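The values are calculated or read from the model by the stated rules, or taken from the named source; none is laboratory data. In this text the structure is predicted, and so the values were computed from the model without any measurement. We place every Cβ from the backbone using ideal geometry, glycine too, and count neighbours over all the protein chains shown. Side chains included, ligands, DNA and RNA excluded: accessible areas come from the protein's heavy atoms. Shrake-Rupley method; radii C 1.70, N 1.55, O 1.52, S 1.80 Å.
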Amino acid sequence: MSNEISEKYKISPYLIIFPLYVGMVGIGILSYQRSLIKHAGYNAWISVILTGISIHILLWMIYKLLSTTEGVHDIAAINNKLFGKFLGGFFNAAIVIYFVLGGFVKFKVYIELIQVWLFPSMNFLYVSIVILLLVYYAVSGGIRTVTGIAVWATIISCVSIIPQVLLAFPYLHPLNLLPLWDHSVSDILLSSEDMAFNFLGFEILLLFYPFIKTPEKSQKWAHLILFLVILLYGVILVLAFMFFTEEQLRHTIWPTLNMIGIFEVPLLQRLEYIAISLWFIKIIAGISIYIWAACRATKIAFRIRPRLFLVLSLIAMAILCEAIRDHRTVEKLSEIYSKVGLYFIYVYIPFAFLCVLLRKKVRQLRGKS
């Protein structure tokens, strides 16, 4: 099966910043502060830096992994080449399930957010159908449509959420950050583990890579957007630390929204309502990217028509969304996705990277002999 992709389906190298941003900055940015302080308290900002450095290393590994393997440039084809039909098929099936689960978690958490903050008594079946229909439109349109929606999602996110959070400056208490180091290294590392969940999404590059024109030129853009995401998470985290007391943060489910919610602007009385509404396009883009990646992996690994898999996935998501009603189940699903994601990025990616390097070294030695 040929993996050659026509130039008309490819995107320019710099455009990779938009899918990566949408993948990494999700609904978690509204609530991640609460989980980080459990172990490291106000020293959790160190965890953001440490986790960001590790993600930079993993991103470098992904580019090395995809550019080193001859003839194939996405993870599904590489798995088949490295591990054979059976084991490679197992890894590819796990990747497909992982991306579908990621898309569903984003979808369900946003539905729950709307239900808690905007319409507590509303029947959300129709809202779910509208969201999934928009996801179908985006994914069936291909990589260019998905990237286009990611561009708009990034612009809307930057021009809405960030300025609203910055309104908190007059109410900050910088002394909350002191002392700068009053937790152990193990506490910082445990907090880093929680922070890694919020960076999940950069791994979509494993399937986006062959759709980038001159993909080697996109690496600098990928590292740039990762640096900016680290900065974004760090700034919003520090703002929350200076805005809330530690005890308040432990009992606040959506700290970012609560910060926004205290402000009143003429004609826009409830800014958090505006933020949640504007986040709609961001969620559509995030779900679309994950489901597109799952469809692409399914096509390469199992030769299943992407449109058929897309329809089946969205129907399954709609049914699951209706079946899962309680918050505890949503939390458990998020925890499962988080744990699987950590193994995926910190175990599987380095493992595949080492396998590719070892295979290349063996081939070089055989060539010399």
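If you go through the stretch 5-24 one residue at a time, do you hit one that is in contact with a Pro (Cβ under 6 Å, 6 or more places away or on another chain) and either on the phi > 0 side of the Ramachandran plot or at pLDDT 85 or above (or both)? Checked against the condition, which is being in contact with a Pro (Cβ under 6 Å, 6 or more places away or on another chain) and either on the phi > 0 side of the Ramachandran plot or at pLDDT 85 or above (or both), the stretch 5-24 yields no hits at all. Here is the figure for the stretch 17-59: residues that are crowded, with 20+ Cβ neighbours inside 10 Å and touching a His at 6+ places or on another chain (Cβ under 7 Å) total 3.
Summed over the stretch 179-218, residues that are open to solvent by 20 Å² or more (accessible area, probe 1.4 Å), in contact (Cβ under 8 Å) with a residue 40 or more places away in the chain and not in a helix (DSSP H, G or I) total 6. If you check His73 against the conditions, is it of a type outside the set (A, V, I, L, M, F, W, C), in contact with a His (Cβ under 9 Å, 6 or more places away or on another chain) and under 26 Å from Arg296 (Cβ atoms)? Against the criterion (of a type outside the set (A, V, I, L, M, F, W, C), in contact with a His (Cβ under 9 Å, 6 or more places away or on another chain) and under 26 Å from Arg296 (Cβ atoms)), His73 does not qualify.
Quick check on this structure: which one of Lys81, Lys108, Lys64 is of a type in the set (D, E, K, R) and either open to solvent by less than 10 Å² (accessible area, probe 1.4 Å) or closer than 19 Å to Val22 by Cβ (or both)? Explain how you work it out, then say what you get.
Details: Lys81 fails: either open to solvent by less than 10 Å² (accessible area, probe 1.4 Å) or closer than 19 Å to Val22 by Cβ (or both); Lys64 fails: either open to solvent by less than 10 Å² (accessible area, probe 1.4 Å) or closer than 19 Å to Val22 by Cβ (or both).
From the options Lys81, Lys108, Lys64, the qualifying one is Lys108.
Entry remark, the stretch 219-240: residues being closer than 22 Å to Lys106 by Cβ and open to solvent by 20 Å² or more (accessible area, probe 1.4 Å) number 3 in total. Here Leu354 meets each of (1) at pLDDT 90 or above; (2) closer than 24 Å to Gly26 by Cβ with one exception, condition (2). Within the stretch 339-369, track down each residue that is open to solvent by 60 Å² or more (accessible area, probe 1.4 Å), of a type in the set (Gly, Ala, Ser) and either in a helix (DSSP H, G or I) or within 17 Å of Lys81 (Cα to Cα) (or both). Scanning the stretch 339-369 gives a single hit, Gly367.
Here's the yes/no breakdown for (1) out of contact with any helix residue (DSSP H, G or I) (no Cβ under 7 Å at 6 or more places or on another chain); (2) more than 28 Å from Trp45 (Cα to Cα):
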{"site": "Ser121", "(1), (2)": "yes, yes"}
{"site": "Leu132", "(1), (2)": "no, yes"}
{"site": "Gly148", "(1), (2)": "yes, yes"}
{"site": "Leu189", "(1), (2)": "yes, no"}
{"site": "Phe202", "(1), (2)": "no, no"}
{"site": "Ile212", "(1), (2)": "no, yes"}
{"site": "His223", "(1), (2)": "no, no"}
{"site": "Phe227", "(1), (2)": "yes, no"}
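Out of curiosity, is Leu278 at pLDDT below 85 and not charged (D, E, K, R)?
Details: at pLDDT below 85: yes; not charged (D, E, K, R): yes.
Spelling it out, Leu278 is indeed at pLDDT below 85 and not charged (D, E, K, R).
Screening the stretch 304-333 for residues that are open to solvent by 80 Å² or more (accessible area, probe 1.4 Å) and not in a helix (DSSP H, G or I) and picking the one that is farthest from Asn123 (Cα to Cα) gives Arg305.
Applying a threshold of 7 Å to beta carbon distances and a minimum spacing of six or more residues, or different chains, the list of pairs starting in the stretch 328-351 at a residue that is in contact (Cβ under 8 Å) with a residue 60 or more places away in the chain and ending at one that is of a type in the set (Gly, Ala, Ser) reads Tyr337/Gly102; Leu342/Ala196.
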